[in-house]
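Colleague: Below is one structure. I have some questions about it.
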Amino acid sequence: MAVNKALKTFNDFTPENDPYGDHDFGRMEVEGVPILWKIDYYDTELKYGSDNPADPSVSSRVLTMMLANEY
């Protein structure tokens, strides 16, 4: 699928769209369609936000992708 391929190769991070250097949000166009994506960090039971998103032993990451017009 074109969206998955575009996401795997996405690297258009700038100080304006990624001020903290987290690389956990992006906007891209796939075949002319704007797509938004976001990574959220939860505890391992996916109930609450992670206390330490950088530690995979206490965090689960969830990727959400959607059409920009759905936002």
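Every read-out reported here was derived from the displayed coordinates using simple, explicitly stated rules and does not represent laboratory data. All figures in this text were calculated on a predicted structure; none of them were measured in a lab. Heads up, the Cβs are rebuilt from the backbone with ideal geometry, glycines too, and the neighbour counts pull from every protein chain shown.
Colleague: Pull up all non-local amide H partners of Val30: gap of 5 or more, or a different chain, and H-to-H distance under 5 Å with H placed in the peptide plane.
Modeller: Sorted by chain and number, the residues that satisfy this are Ile35.
Colleague: Using a Gaussian network for the chain with springs between C-alpha atoms less than 10 Å apart, which of these wobbles most: Asp40, Asp55, Asp18?
Modeller: Asp55
Colleague: A further question on this structure: So what is the relative contact order of the chain, in percent, for Cα pairs below 8 Å that sit 6 or more residues apart?
Modeller: Values: 90 pairs, mean separation 16.9, N = 71.
After rounding, I find 24 percent.
Colleague: Tabulate in residue order the Karplus-calculated ³J(HN,Hα) for the stretch 58-71, using 6.51 cos²θ - 1.76 cosθ + 1.60 with θ = phi - 60°, rounded to whole Hz; enter x for Gly and Pro.
Modeller: 10, 9, 10, 9, 10, 9, 10, 10, 7, 5, 4, 6, 8, 6
Colleague: Now a separate question. Starting at the first residue of the stretch 36-52, write each ³J(HN,Hα) from the Karplus equation 6.51 cos²θ - 1.76 cosθ + 1.60 with θ = phi - 60°, in whole Hz, x for Gly and Pro.
Modeller: 10, 9, 8, 10, 10, 10, 10, 5, 5, 9, 6, 9, 10, x, 6, 6, 9
Colleague: Would you mind getting me the FRET efficiency between Ser59 and Glu29? Use the beta-carbon distance for r and R0 = 35 Å, nearest 0.05.
Modeller: Rounded to the nearest 0.05, the efficiency is 0.70.
Colleague: Here is a further query. Along its three principal axes, how long is the chain when you only count alpha carbons? Whole Å, largest extent first please.
Modeller: Principal-axis extents of the Cα atoms in the chain, largest first: 38, 25, 22 Å.
Colleague: Provide the FRET efficiency to the nearest 0.05 for the Glu70-Asp43 pair, computing r from the beta carbons and using R0 = 30 Å.
Modeller: Numbers: r = 27 Å, r/R0 = 0.90.
With a Förster radius of 30 Å, E is 0.65.
Colleague: With springs only between Cα atoms under 10 Å, which of Pro15, Pro53, Pro34 fluctuates most in a Gaussian network model of the chain?
Modeller: Fluctuation is largest for Pro15.
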